[in-house]
């Protein structure tokens, strides 16, 4: 009787009794605990404010369909937008939709993520409607519902991919691969604190698509075909470029010689044409939801809602996406280099899934790296790669399985992996609580200046590198003065609405004046390492958005050709209402130059900034 009861429990909860594959089960549980820790203890975003909350930035764009449809019944004008931005500030201004040519507002993001949010949104709305919280789509019940639902989706994705991987890899290789990717890559961030973004959801979609494709080609059925069609359609409806997901079921089992594969696949499709037709129809049906929305709201079946953002298909940003310090994949998640190395042993040992994994991965990377906003906003590394980790886990497992059969190589491999995991924890902490990761603005000099440090142990002057990698933070040697300017001779400054820092005149910019006059001097090649502008800067109040901060600009020219530029955004580094001496450095290049120019630019901002008592200095580093 007891045995029968245990068997019944096993049948309903097989994962809890999966002792045959206990290493991967333990790895799965550890991954769940890690995601849970970051989600609910370390940084619970559902309780954060404004754009840092769960429904903030891009998430609010994908989500905006739901309150527009279910609460405000206003999908065309989104008239509730200003109230939401004023009260909750999911973005600094309303950026989730834009006014189209017919006067209606078109959502920037497609609706797939909103569809996946729907059950969690409805639960949050039901709770808010029965409680004292505002039932407005953005109060705490909605934030928590989306947050918790996203957490569950992340758990489901890992469960599905483990289930799939155990069909091709050992329990040990599956366990280690999952552990390495979850603990050692930016998946950790986008499956926990930022799980409400599309990437973890799509990871789960891809994991389900892998499993259904495997099962369909093992035992074709209309149910599995329908599942494949729905998942491909949902992926593309979430991010249109995810139509690349169709390669997984279409190219499943591809191998050489291609002639034999094509013939076999042709016969298979002929025998199961109805199932393929069903999958295609469901993909089209799901995708048509976006077309219907565009036609209904915008009057056209196809609308490019990203406006001036697009792709460079002939010159994808491969190097930047892999190795740039702004958002390089291998800079912020170096452990994922194992995924590319893993295709080598995979070609010999897992031939059934090698071809489809390789083709999908490299086409996916090409599309991802062709996007002109290749740093993907405030991304921690290449966040747009995270959903593809469902496929890239496979070559990682293949590499692990091969390395574990070698004699000494595992020692080196796991030492490198340990460093990568430490690196991932460090940069994830800096992105959320440590304060050293500055989204969209990272560069090589700043990254090296903070690497594996805490904010407390980092020299605050390292932040100067965020504007100018040429900044020299050491003690200058062999300083010589080159020129000075107190701007008293420039009578064009007499119309300034602001009191001068000293004397009668100062350079100034504000929202009404984009550029100050330029201080230009003849300046030929010299035997020095650096040119430094040192000047007094004053600002009455400061602009918080870095891309709109006024800049001090120092430039070298050869005739009218720009040779080198250095800038500084003083708002980052000085106090409002206080005159401060600031420096801007240029590392002098080897190529010829004959002119130096100094000026202020308002950076598209509206806050005034003044400069006075400027000096140009030469020194060695």
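The values are calculated or read from the model by the stated rules, or taken from the named source; none is laboratory data. It should be emphasised that the depicted structure is a prediction, and the values quoted were computed from it without experimental measurement. Here Cβ is always computed from backbone atoms with ideal geometry, including for glycine, and neighbour counts include all displayed protein chains.
Of 501, 479, which residue is in a loop (DSSP other than H, G, I, E, B) and in the same structural domain as residue 576 (by TED's automatic domain parsing)?
501
Which of the residues spanning the stretch 78-106 are part of a loop (DSSP other than H, G, I, E, B), under 13 Å from residue 64 (Cβ atoms) and under 26 Å from the mean Cα position of the chain (by Cα)?
Those that are part of a loop (DSSP other than H, G, I, E, B), under 13 Å from residue 64 (Cβ atoms) and under 26 Å from the mean Cα position of the chain (by Cα): 90, 91, 94, 95, 96.
So residue 503 clears everything in (1) surrounded by fewer than 18 Cβ atoms within 10 Å (Cβ to Cβ); (2) in contact (Cβ under 8 Å) with a residue 60 or more places away in the chain; (3) on the phi < 0 side of the Ramachandran plot except one condition, right? Which one?
Exception for residue 503: condition (3).
Inside the stretch 153-179, can you point out the residues that are more than 14 Å from residue 205 (Cβ to Cβ) and either within 22 Å of the chain's Cα centre (by Cα) or not assigned by TED's automatic domain parsing to the domain that holds residue 64 (or both)?
Result: 155, 178, 179.
Going through the stretch 424-435 one residue at a time, which ones are surrounded by 19 or more Cβ atoms within 10 Å (Cβ to Cβ) and under 17 Å from residue 336 (Cα atoms)?
Answer for the stretch 424-435, where residues must be surrounded by 19 or more Cβ atoms within 10 Å (Cβ to Cβ) and under 17 Å from residue 336 (Cα atoms): 424, 427, 428.
In this structure, is residue 366 part of a helix (DSSP H, G or I) and without any contact (Cβ under 8 Å) to a residue 12 or more places away in the chain?
Against the criterion (part of a helix (DSSP H, G or I) and without any contact (Cβ under 8 Å) to a residue 12 or more places away in the chain), residue 366 does not qualify.
Of the residues 287, 253, 274, which single one is surrounded by 12 or more Cβ atoms within 10 Å (Cβ to Cβ), part of a helix (DSSP H, G or I) and touching a residue at least 24 places away in the same chain (Cβ under 8 Å)?
287
Provide a single number: the residues in the stretch 506-550 that are touching a residue at least 40 places away in the same chain (Cβ under 8 Å) and closer than 20 Å to residue 566 by Cβ.
31
Taking the stretch 524-546 as the search range and keeping residues that are at pLDDT 95 or above and within 21 Å of residue 557 (Cβ to Cβ), which one is surrounded by the most Cβ atoms within 10 Å (Cβ to Cβ)?
535
Quick one: how many residues across the stretch 1-45 are more than 19 Å from residue 179 (Cβ to Cβ), at pLDDT below 95 and assigned to a loop (DSSP other than H, G, I, E, B)?
Final tally of qualifying residues: 2.
Answer yes or no as to whether residue 377 is in the same structural domain as residue 98 (by TED's automatic domain parsing) and at positive phi.
Taking the combined requirement at face value, the residue satisfies it.
Of the numbered conditions (1) without any contact (Cβ under 8 Å) to a residue 60 or more places away in the chain; (2) under 26 Å from the mean Cα position of the chain (by Cα); (3) surrounded by fewer than 18 Cβ atoms within 10 Å (Cβ to Cβ); (4) more than 22 Å from residue 256 (Cα to Cα), residue 443 fails exactly one; give the number of that condition.
Of (1) without any contact (Cβ under 8 Å) to a residue 60 or more places away in the chain; (2) under 26 Å from the mean Cα position of the chain (by Cα); (3) surrounded by fewer than 18 Cβ atoms within 10 Å (Cβ to Cβ); (4) more than 22 Å from residue 256 (Cα to Cα), only one is false for residue 443: (1).
Per-residue answers, yes or no, for (1) more than 17 Å from residue 146 (Cα to Cα); (2) free of Cβ contacts under 8 Å to residues at least 60 places away in the same chain; (3) crowded, with 16+ Cβ neighbours inside 10 Å:
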residue	(1), (2), (3)
42	yes, no, no
53	no, no, yes
74	yes, yes, no
81	yes, yes, yes
87	yes, yes, no
90	no, yes, yes
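Within the stretch 446-461, which residues are surrounded by fewer than 17 Cβ atoms within 10 Å (Cβ to Cβ) and part of a helix (DSSP H, G or I)?
448, 460, 461
Just wondering, is there one or more residues in the stretch 485-492 that are part of a strand (DSSP E or B), surrounded by 14 or more Cβ atoms within 10 Å (Cβ to Cβ), touching a strand residue (DSSP E or B) at 6+ places or on another chain (Cβ under 6 Å) and in contact (Cβ under 8 Å) with a residue 12 or more places away in the chain?
yes
So for the stretch 591-601 (the condition being without any contact (Cβ under 8 Å) to a residue 60 or more places away in the chain, surrounded by fewer than 18 Cβ atoms within 10 Å (Cβ to Cβ) and touching a strand residue (DSSP E or B) at 6+ places or on another chain (Cβ under 8 Å)), does at least one residue qualify?
Yes, because at least one residue in the stretch 591-601 is without any contact (Cβ under 8 Å) to a residue 60 or more places away in the chain, surrounded by fewer than 18 Cβ atoms within 10 Å (Cβ to Cβ) and touching a strand residue (DSSP E or B) at 6+ places or on another chain (Cβ under 8 Å).
Does the stretch 306-319 contain at least one residue that is surrounded by 14 or more Cβ atoms within 10 Å (Cβ to Cβ) and without any contact (Cβ under 8 Å) to a residue 40 or more places away in the chain?
Looking for residues that are surrounded by 14 or more Cβ atoms within 10 Å (Cβ to Cβ) and without any contact (Cβ under 8 Å) to a residue 40 or more places away in the chain, one finds none in the stretch 306-319, hence no.
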